[in-house]
Amino acid sequence: MTATAPAALTTEQIGFLARAVSRAPSVHNSQPWQLRVRGTEVDLAVRHGVELRRHDPFGRDRLLSCGAALTDLELAVRALGRDCHVEYRDDEDVVATVTIGRSRPASDRDFALYHAIPRRRSHRRAFFHSRVPDGVRSAVAAAGEAGGVHVVEPGHLDKLAELLGFATRVLRDDHGYQRELELWTAHTHGWNAVGDGIPEDGLSLEALPVAGLVRRDTPVPDDVVLAGRLAAESLLIVCTDTETRADDLAAGMALQRVWLTATAKALVGSVITQPLHLAGFRARLASELALTGVPQAIFRYGYPAVPAAPAPRLPLGELFPDGPAGGLR
Ligand SMILES: Cc1cc2nc3c(=O)[nH]c(=O)nc-3n(C[C@H](O)[C@H](O)[C@H](O)COP(=O)(O)O)c2cc1C
């Protein structure tokens, strides 16, 4: 008897996967991804034309964003009740191919993370003053551990405050950088907006200056005040052993697993990569905080004090460069 081949995806199933991908976090909400579907194979490709020359000159955050989208894609395939295999592609265009296999019930954990996808959002505000219990913090960090990726709670908060304070001052006075950021924060408003970019009301000055993306008018507290604010939050740093395109993608996948795990546990958070693009910053961060490997992203999280609005998304049809994929909107 010959085994039957896994069934090709239906239009409804493609829509289900696309919705999960589109809800992934991305640098400046640029949503730098596209999907190409061939039967039971889905390519996740980079969407060109949304380069951030000042914030992300080497495209590292773009790959991290694609990694986050890949985690959502994998969870959505599993939530459909199908097995899947993810293969990294060393290609300027397609970053990974997900091959969808036979029926296989999703685990409780995959379901919980899948259901956290629409609830996760960037929460850049101050958190509720209640410490996250040790066991919960360990589970959130462990969710990101993978081959070549480590997720660590930073010590030496005085050094971290010094470095973040320095980065804030540099970024605040960088006119080219600020012009680019204005372009990405000017045009999205309201809860039901469609498009890309960061809504003005998603930014906040009340927590860490770097938590709300540093702008021209961001106040910089002194290092002691900043160290105190860092100590009031739960922090994680995602590091990779080396730095290749595959590492950047793996870091983004890990970041999203961490974020979804936190969301599933009623926590909220936001990611900080902005200072990590300054020349020499990551090397200093690694040496002063005694980190092993290359720091890729800082994740701050805690319990919410106020709700945060969702950021807009592009219409689903924009995910499919080769056609409207069954009329998805
Ligand atoms: C790789 C990456 C880097 C990011 N860097 C920052 C950052 O430095 N500061 C910040 O406030 N948000 C940062 N974000 C969050 C995005 O701005 C956010 O995901 C996007 O605006 C969509 O909003 P949402 O997370 O609420 O869905 C980053 C996200 C990703 C995936």
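Listed here are the residues, each with its yes/no results for (1) acidic (D, E); (2) within 18 Å of T185 (Cα to Cα); (3) at pLDDT below 95; (4) within 12 Å of the ligand (Cβ to nearest atom).
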| residue | (1), (2), (3), (4) |
| --- | --- |
| A3 | no, no, yes, no |
| Q31 | no, yes, no, yes |
| L35 | no, no, no, no |
| G49 | no, yes, yes, no |
| R60 | no, no, no, yes |
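Please work out if C66 is without any contact (Cβ under 8 Å) to a residue 60 or more places away in the chain and either within 11 Å of the ligand (Cβ to nearest atom) or assigned by TED's automatic domain parsing to the domain that holds V98 (or both). Please lay out each step first, then the result.
Numbers: without any contact (Cβ under 8 Å) to a residue 60 or more places away in the chain: no; either within 11 Å of the ligand (Cβ to nearest atom) or assigned by TED's automatic domain parsing to the domain that holds V98 (or both): yes.
So C66 fails the test.
Can you tell which of V21, V86, V46 is under 16 Å from the mean Cα position of the chain (by Cα) and farther than 26 Å from H123 by Cβ?
On the way: V21 fails: farther than 26 Å from H123 by Cβ; V86 fails: under 16 Å from the mean Cα position of the chain (by Cα).
Exactly one residue qualifies, and that residue is V46.
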**Message:** Filter the range 294-315 down to the residues that are within 19 Å of the chain's Cα centre (by Cα), among the aliphatic types (A, V, I, L, M) and open to solvent by 10 Å² or more (accessible area, probe 1.4 Å) and list them by number.
**Reply:** V294, A308, A309, A311, L314
**Prompt:** Only one of (1) in a loop (DSSP other than H, G, I, E, B); (2) open to solvent by 40 Å² or more (accessible area, probe 1.4 Å); (3) modelled with pLDDT under 95; (4) of a type outside the set (G, A, S) fails for T188. Which number is that?
**Reply:** (2)
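Would you point out which residue out of A24, A20 is within 16 Å of the ligand (Cβ to nearest atom), open to solvent by less than 30 Å² (accessible area, probe 1.4 Å) and part of a loop (DSSP other than H, G, I, E, B)?
Numbers: A20 fails: part of a loop (DSSP other than H, G, I, E, B).
The unique qualifying residue is A24.
Only one residue in L236, L226, L249, L291 is open to solvent by less than 10 Å² (accessible area, probe 1.4 Å), more than 13 Å from the ligand (Cβ to nearest atom) and either part of a loop (DSSP other than H, G, I, E, B) or under 30 Å from A146 (Cα atoms) (or both), so which one is that?
That would be L236, the only listed residue that is open to solvent by less than 10 Å² (accessible area, probe 1.4 Å), more than 13 Å from the ligand (Cβ to nearest atom) and either part of a loop (DSSP other than H, G, I, E, B) or under 30 Å from A146 (Cα atoms) (or both).
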**Request:** Could you tell me which residue of the range 252-285 is nearest to G148 (Cα to Cα), considering only residues that are outside any helix (DSSP H, G or I) and away from the ligand (no atom under 11 Å from the Cβ)?
**Result:** G280
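More than 16 Å from the ligand (Cβ to nearest atom), open to solvent by 50 Å² or more (accessible area, probe 1.4 Å) and not in a helix (DSSP H, G or I): does that describe A7? Let's see the steps before the verdict.
Values: more than 16 Å from the ligand (Cβ to nearest atom): yes; open to solvent by 50 Å² or more (accessible area, probe 1.4 Å): yes; not in a helix (DSSP H, G or I): yes.
When the stated conditions are applied, A7 passes them.
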**Message:** Residue pairs, Cβ under 7 Å, 6 or more apart or interchain, first in the range 257-285 and among the small types (G, A, S), second open to solvent by 40 Å² or more (accessible area, probe 1.4 Å) and in a helix (DSSP H, G or I). List them.
**Reply:** A264/A112
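Do you know which residues across the range 264-279 are more than 30 Å from D173 (Cβ to Cβ) and surrounded by 24 or more Cβ atoms within 10 Å (Cβ to Cβ)?
Taking the range 264-279 and keeping what is more than 30 Å from D173 (Cβ to Cβ), we get 264-268.
V268 - this is the single residue of the range 264-279 that is more than 30 Å from D173 (Cβ to Cβ) and surrounded by 24 or more Cβ atoms within 10 Å (Cβ to Cβ).
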**Prompt:** Has the range 149-166 got any residue that is under 24 Å from P310 (Cβ atoms) and either under 16 Å from the mean Cα position of the chain (by Cα) or among the basic types (K, R) (or both)?
**Reply:** no
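The values are calculated or read from the model by the stated rules, or taken from the named source; none is laboratory data. If you're wondering where the values come from, they're calculated on a predicted model, not measured in any experiment. Using ideal geometry, Cβ is built from the backbone for each residue, glycine included, and neighbour counts are taken over all protein chains shown. We work out accessible area using only protein heavy atoms, side chains counted, and drop any ligands, DNA or RNA first. Shrake-Rupley method; radii C 1.70, N 1.55, O 1.52, S 1.80 Å.
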